Amino acid sequence: MFDAHLHIIDPRFPLVENDGYLPEPFTVDDYLARVAHLGVTGGAVVSGSFQAFDHGYLLDALDRLGPTFVGWHAELYVDSRDLAELHTTIAALPAVSVDHLGLSQDGLPSLLRLVESGIHVKATGFGRVDLPVADTLRAVADVNPGALVFGTDLPSTRAPRPFRDSDITLVEDVLGDELADAVLRRNASELYRIETETAPGPSVSR
């Protein structure tokens, strides 16, 4: 599995309160322990608002996780109800994804229009969304089966319900073996230009 959306929260690096919120630590060691049984071969480390513009933690995390872990593209944590007015701007970006299935059911038509234009949608944060996850997965896949990428969203900061291993099972049950394999692995490896077939797994932290 390529984990297309994860956070590393390392207290050795600066953290900035967001509306009074500071997350608990979730280090590289914590991440590797949590996903050890999931067959993760790579992933995309995503910065949170509480990390502001510091990327020291990111460079350190990527060094420790290994060459199949990446970052750096336009990542939109946005309610899909706000996408219609942003359509032209977003569609023009060279590499962009919308997090957490767009969060809300009401904006799904706007999200699907962007999927038609080539953006990616992250099947992440199922405990954050106000939409039927199974139906939304099918809807996005029907428009473009290459658009969906899966991520754990670990450690699921401020999510009403954090990531569960059963979220992976849901993707497999809803989409079937072939398409689920694309969503869990192939689509993201193509987006991030990672050869996960032969890539080494995460390095043992030191």
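Couple of notes before you dig in:
- Cα-projected label distance for ARG138 with SER166, points at 7 Å along beta-carbon direction, nm: 2.0 nm
- Cα-based helix-to-principal-axis angle, 56-65 vs the chain, degrees rounded to 10: 90 degrees
- Ranked by the mean number of other Cβ atoms within 10 Å per residue, highest first, peptides 141-147, 38-44 order as 38-44, 141-147.
- Taken one residue at a time, the phi angles of the stretch 72-89 give Karplus couplings (6.51, -1.76, 1.60, θ = phi - 60°) of 6, 8, 5, 10, 10, 8, 9, 6, 4, 5, 9, 7, 4, 6, 9, 3, 4, 5 Hz. Gly and Pro are set to x.
- With the highest mean first, a sort of the peptides 72-82, 179-189 on other beta-carbon atoms found within 10 angstrom per residue produces 179-189, 72-82.
- For Cα Rg over 2.2 N^0.38 Å, the value calculated from this model appears in (1) 0.97; (2) 1.60; (3) 1.04 under label (1).
- Pair-distance profile P(r), taking every C-alpha pair of the stretch 92-181, with 10 angstrom steps and integer %: 18, 53, 27, 2
- Considering only THR88, TYR57, LEU148, and ranking their Cα positions along the charge dipole of the chain that arises from unit charges at the beta-carbon of Lys, Arg, Asp and Glu, the one farthest toward the positive end is TYR57.
- Cα-projected label distance for GLN105 with SER117, points at 7 Å along beta-carbon direction, nm: 2.6 nm
- DSSP beta bridges in the stretch 1-124 [antiparallel fraction, %, rounded to 5]: 15 percent
- Gained length - VAL16 relative to LEU38, 0.36 nm times residue gap less alpha-carbon distance: 4.8 nm
- Sites ASP79 and PHE53, calculated FRET efficiency, Cβ-Cβ separation with R0 25 Å, nearest 0.05: 0.60
- Taking each DSSP H run with n ≥ 4 as -39500 (n - 2.57) and averaging over every residue of the chain yields -9000 deg cm²/dmol at 222 nm.
- Helix 166-181 and the long axis of the chain differ in direction by around 60°, with both axes built from C-alpha atoms.
- Counting only alpha carbon atoms, the long axis of helix 133-143 and the longest principal axis of the chain meet at about 70°.
The numbers here are math on the coordinates, done by the rules we state, and not lab data. Predicted, not measured: the structure shown is a model, and the values here were computed from it. Methodologically, a virtual Cβ is constructed for each residue, glycine included, from the backbone with ideal geometry; neighbour enumeration extends over all protein chains shown.
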